[in-house]
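Taking it in order: structure first as structure tokens, then the write-up.
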Amino acid sequence: MKTFYRGKIFTFNHTATLANIQGVIPDSLFVDEGKFTFLRDGVIAVENGIITAVGDYSIIKKQIQAEDNLVDYSNKLITPGFIDAHMHATQTSAVSAYGEKLLTWLNNYVFPSEVAFKSDISARREYEILLNQLFKNGTTSICAYLPSSYDGADVLFEITHKYNMRVIMGNTIMTDGNDELITSPATSMKISEKLYQKWHNTGRIAYALTPRFALSCTEETLQLCQDFVHAHPDVYIQSHLCENKNEIEDTLAKFPWAEDYLAVYEKYDLVNDKSIYGHCIHLSDSEWSRMVDKGAILANCPTSNNYLGSGLFRYDIAIEKDAKFALATDWAAGNTLSMFRVMDDAYKVGMLNSFKLETLTRWYSATLGSAKALQLDQYIGSLEVGKEADFIVIDTAANELLNYRLENSHDLLDYLFSISSLGDDRIIDATYVYGNKVYDINLPCIQK
Ligand code: GUN
Ligand code: ZN
């Protein structure tokens, strides 16, 4: 039995790349060499969590059998679920903290709130709120930093597994800094090994080794991280890089042998094509080149960078160098889980640097571009036959102002630009993970 979802469809297709979508102005047929698809009256068919057909309703409707379901989202937009390539699952209660930049913000607000995750009761409650908010905002995949404790981290693996979400996550390794959060290097590795063995490649889950940042790690810890990556070459790595000028100064003081911040991670073989580095705002020319040469992933977090006053990411350099970059919230330094708000801030950061970050680039970097950077594009990021059915339904009519703005919009780029400029959780009508509805604006939250 299949389910057919009828509505407008917008998706990038696998031939799209960061380079080949630059400067694209869709023609009136919206076919643009197959890099993306826009259908005014389209349909996707889903069976057992996998997309089995995408196309014009007038053509695909012939495949619908008596036993199949047809869900009518006519006039609403069906598009891939968003991927949030860098976020902290431990910071929901610390969102909206006043007045501090990165290092003081961490010490005053974040570290104290993360202590609560030693209890799995508090962890469960916070994760429940977080997942409901993610689905309400149309996010279906996350790269998440989890608590440093085994139990606190294990609970979110368990919950996301029940939802069958495609996630990349790991326990945050901290062996230097806040006394209540740190563990010994050996303990942090034992926790990492146990979680890796239990969860990596279980269902749709991938494990990420997650040394928080150089400042929270001793050299012994970084050495153990290197050993871990050598023992498990398929593992993801996630950390922070060049987010804030004081952070960079303190890192260079802590590791005086390092020529720059990136060199600390490089010394321990932590920079490769499965490493995801948050922020990357203040990279030197050499660091930019080394990140790109190694195929490392830059998780760009404009709402967070603006919130903490960390600086302006150089989209012009990222595009010129064809860097692998993916959009992310960095929740809860980013004070929103909405990828529309992230796309909007990315645009504004571009404007502050006198750079027009194109609309398609931003949608791409929240969906297929992110999936490609994370090497997950065989599974997610677009609505194509054979892909996993992670998609959202957008109802622009649910936002009066957006609806009014779109009355005279007849151009795909303007339509997408307006949605990302004015959209928020009010226009997410429904969210589907692996073909299962996990959010419906008209129903109470669906709990697992
Ligand atoms: N650097 C190290 N830890 C963090 C964190 O939790 N948030 C941000 N934005 N930067 C960090
Ligand atoms: Zn972060």
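The values are calculated or read from the model by the stated rules, or taken from the named source; none is laboratory data. Since we're looking at a predicted model, the values are computed, not measured. Every residue, glycine among them, receives a Cβ derived from its backbone with ideal geometry; neighbour counts consider all protein chains shown. For accessibility, only protein heavy atoms count, side chains too; no ligands or nucleic acids. Shrake-Rupley method; radii C 1.70, N 1.55, O 1.52, S 1.80 Å.
What to note about this one:
- Matching residues, segment 154-188, being of a type in the set (Lys, Arg) and outside any helix (DSSP H, G or I): 166
- Some residue of segment 325-335 being open to solvent by 30 Å² or more (accessible area, probe 1.4 Å) and touching a Gly at 6+ places or on another chain (Cβ under 8 Å): no
- Scope segment 77-107; condition over 20 Å from residue 128 (Cα atoms) and more than 16 Å from ligand 2 (Cβ to nearest atom); matching residues: 77, 78, 79, 80, 98, 99
- Residue ID - nearest to residue 309 (Cα to Cα), chosen from residues in segment 101-111 that are open to solvent by 20 Å² or more (accessible area, probe 1.4 Å) and free of Cβ contacts under 8 Å to residues at least 40 places away in the same chain: 104
- Checked against (1) within 16 Å of ligand 2 (Cβ to nearest atom); (2) in contact (Cβ under 8 Å) with a residue 24 or more places away in the chain, residue 57 passes all but a single condition, namely (1).
- Against the numbered list (1) modelled with pLDDT under 95; (2) of a type in the set (A, V, I, L, M, F, W, C); (3) buried (at least 24 other Cβ atoms within 10 Å of the Cβ), residue 146 comes up short only at (1).
- Single condition residue 262 does not satisfy, out of (1) in contact with a strand residue (DSSP E or B) (Cβ under 6 Å, 6 or more places away or on another chain); (2) open to solvent by less than 10 Å² (accessible area, probe 1.4 Å); (3) more than 27 Å from residue 351 (Cα to Cα): (1)
- Among the residues listed as 206, 186, the single one being in the same structural domain as residue 153 (by TED's automatic domain parsing), open to solvent by 40 Å² or more (accessible area, probe 1.4 Å) and not aromatic (Phe, Trp, Tyr): 186
- The listed residues are 311, 369, 295, and the only one of them that is within 16 Å of ligand 1 (Cβ to nearest atom) and among the small types (Gly, Ala, Ser) turns out to be 311.
This table checks each residue for (1) over 25 Å from residue 102 (Cβ atoms); (2) of a type in the set (Ser, Thr, Tyr).
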| position | (1), (2) |
| --- | --- |
| 148 | no, yes |
| 155 | yes, no |
| 163 | yes, yes |
| 168 | no, no |
| 190 | yes, no |
| 216 | no, yes |
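- For segment 216-247, the set of residues classified as hydrophobic (A, V, I, L, M, F, W, C), crowded, with 20+ Cβ neighbours inside 10 Å and over 16 Å from residue 271 (Cβ atoms) consists of 224 only.
- Residue selected from segment 276-309 under the condition buried (at least 24 other Cβ atoms within 10 Å of the Cβ) and of a type in the set (S, T, N, Q), by the criterion farthest from the chain's Cα centre (by Cα): 305
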